[in-house]
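Here the structure is laid out as C-alpha cells; the discussion comes afterwards.
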Amino acid sequence: MPVVLAASISLTACSRAAAPNPAPVEVPTTPPAITAPQTPTTPGVKGPITEVPGQSQNTGAKPDKPQQDPPTNAPVTPPPAGGSTGGTQPIGHVDPKPIIKWHPRGIGLPLTSDDPAAQGKKVVVLTFDDGPTDTGSTVSILETLAAENVKAMFFITGYGAKHMDLVKRIHREGHVLGPHTVTHANLRELSPAGVREELDPVVKVIEEVSGQKPKWLRPPYGAYNQSVIDIAKNDYGMEVLTWTDGSLDWEGTKGGYKDPNLVIKDTMGQLHPGAVVLMHDTLKHTAEALPELIKKIKAEGYEFVVLPN
C-alpha cells in the first residue's frame, strides 16, 4: 500500500519538541527507520483557541495537551416487489433500530438532533486523540469498547498512522476515524499551505483504510481560525470538531501517570447531555479508567453515539 506507507512515514517529523511552526513535511519515497517520538505540547494553552467572531470560545474545556440488530435463526422473507415494507413480518423478525443523526450545535458546543425521536435523549460521544499507539493502551481501549458495545471516534496523528494494523482495526470495529494532523501542530500558527501539509497525509491514510473521506477534523489544542475552517470545508469536506467535556487525563500526572479514579471523577464532573468528551488513547491511565467510566455514564442514563462520516 504505497500511499499509506508514504503518508504515514512522512509524519516522523513529529519527533520535534513543541515547535509552533513546523517546517513543511516531506513525504520520502523510501520509508526511513522510525523511533516513536513524543507528542509535542504547547505550554500555556488553556483551551480550544479560536479567532472566529461569533464562535464559542469553549473556555470551560481543557486543552488537547497530553503528556506524551440482534441475530435471529428465523428466515426473513424479502419485502414485496416495488419496495413496500408493509405486511406481516415473519416470526423472529426484528426491525432495525432507527438511527438518529446527531451534530454539534456549533464548534465547541454540545450535540443536538433535528430528529423528533431524539427528544429527551441524553447522549455522549467519546473521542480519543493522538493515537493509535503500540504501547497497549489503544488495544485495551478497543477491547473495552467492544465489551461494552460502545462506538467512539479516534483522531489520529502521524505518530498513530505508523501503526496501520491498529488504524485498520479501529475502522474494522466500527469506530470513526478523523485527522489530528501530521505533527500535532497548532493550525492557527500555520499558513494555508502549512495547514494542508499537516492534513493531506493523514486524510489519505484514512481514505485508504476506510474507503471514505473523513468528515471531522480535530485540531490539536482545539486551536483553529477562519482559515482552518475554510480549508477543512472547501479542500476536504470536513468540519472542525473540538470538545465540551475534557477528561483532564493529561492534567496532574506524575511521571506521565494519573490515578484512573481522578480521570473518572473529572469526566463525570463535566458530563452533560450532548457532551463531546476529549480523551487520549495514548495514555495508560485513560485505558484503565475507561471500563468503570463507561459503566458510570450508562448508569446516568446516557447513550453513546458517534457523528456520521
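Data table
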quantity: Shape of segment 122-309, Cα gyration tensor, a/c cut at 1.5; calculated: prolate
quantity: 27 Å Cα-Cα threshold exceeded, pairs from LYS122/LYS265; LYS151/LYS215; LYS121/LYS215; LYS258/LYS298; LYS121/LYS258; LYS121/LYS233; calculated: LYS121/LYS258; LYS121/LYS233
quantity: Net charge over other residues, Cβ less than 11 angstrom from the Cβ of THR282 (K, R count +1; D, E count -1); calculated: -4
quantity: Per-residue Cβ neighbour rank within 10 angstrom, fewest leading, PHE304, PHE155; calculated: PHE304, PHE155
quantity: DSSP-defined antiparallel bridges as percent of all bridges, segment 122-309, nearest 5; calculated: 5 percent
quantity: Neighbourhood charge, 13 Å Cβ-Cβ cut-off, centred on THR112 and excluding it, Lys, Arg +1 and Asp, Glu -1; calculated: +2
quantity: Counted charge near VAL139, where neighbours are those whose Cβ lies closer than 14 Å (Asp, Glu -1; Lys, Arg +1); calculated: -2
quantity: Top positive-direction residue, dipole computed over segment 122-309 with Cβ charges, set VAL123, GLY222, VAL176; calculated: VAL123
quantity: Dipole in debye (nearest 20) - segment 122-309, about Cα centre, beta carbon charges: Lys, Arg +1; Asp, Glu -1; calculated: 240 debye
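We did not get these values from a lab; they are worked out from the coordinates using the rules stated. Not measured: the values here are computed from a predicted model. With ideal geometry, Cβ positions are generated from the backbone for all residues, glycine too; neighbour counts draw on all protein chains shown.
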